[in-house]
Amino acid sequence: MDEETKFHWSEGMKFVSEGIKLLFVLNGAATISILTFIGNTKASSFQLIYAMGCFALGAASGPIAFGFAYLTQLKYGNASRTGGGWDNVTKFHYVTYAAVAFGIIAFLIGIVFAICGLISSLPNE
């Protein structure tokens with residue numbers, strides 16, 4: 001692998017790392033927001049609890065994605081060193097994608113639950 005390819009590979013991994021961190025922070029902040037809202041109001045609904053659960057699951061997907069991303073890179077390094085075993089690498093690669101996708105989907109579902117919960121907790125006029 002030439003130096004330019006290594007540079008672009010390294011920079012791409014930095015973006016992936018920052019994206020997974022953003023997924024974790026976004027879901028964690030949303031969970032804290034829901035907890036703050038529930039703690040400061042007397043009216044709450046089960047939708048807000050479901051939203052908080054979705055955000056918590058989304059935040060939990062961040063460390064899982066980091067773990068599988070590490071294993072993917074470890075397998076890529078070992079496969080390039082030994083010249084084989086690429087099938088095993090792609091399995092970890094797709095599990096990493098699945099963990100990130102799960103975090104994004106959990107965040108989006110949490111948003112829907114939060115909106116429904118906030119609308120239902122509005123005072124009736």
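When Rg and Dmax are taken over the Cα atoms of the stretch 24-80, they come to 16.8, 59 Å. Relative to the longest principal axis of the Cα atoms of the chain, the long axis of helix 86-120 makes an angle of roughly 10 degrees. Angle check, please: helix 46-82 long axis (alpha carbons) against the longest principal axis of the chain (alpha carbons), in degrees 0 to 90, nearest 10. Computed tilt is about 0 degrees.
In straight-distance terms, cross-link reach from K91 covers every one of the lysines whose alpha-carbon lies under 18 Å from its own, apart from those fewer than eight places away in the same chain; here that gives K75. Simple spin-label estimate for N40 and N88 gives 5.2 nm between the two label positions (7 Å along the Cα-to-Cβ direction from each Cα).
Helix 3-40 axis versus longest C-alpha principal axis of the chain: approximately 20°, rounded to the nearest ten.
Here, each number is a calculation from the coordinates, and none is a lab measurement. Please read all numbers here as calculations on a predicted model, not as lab measurements. Virtual Cβ from ideal backbone geometry, glycine too; neighbours counted across all protein chains shown.
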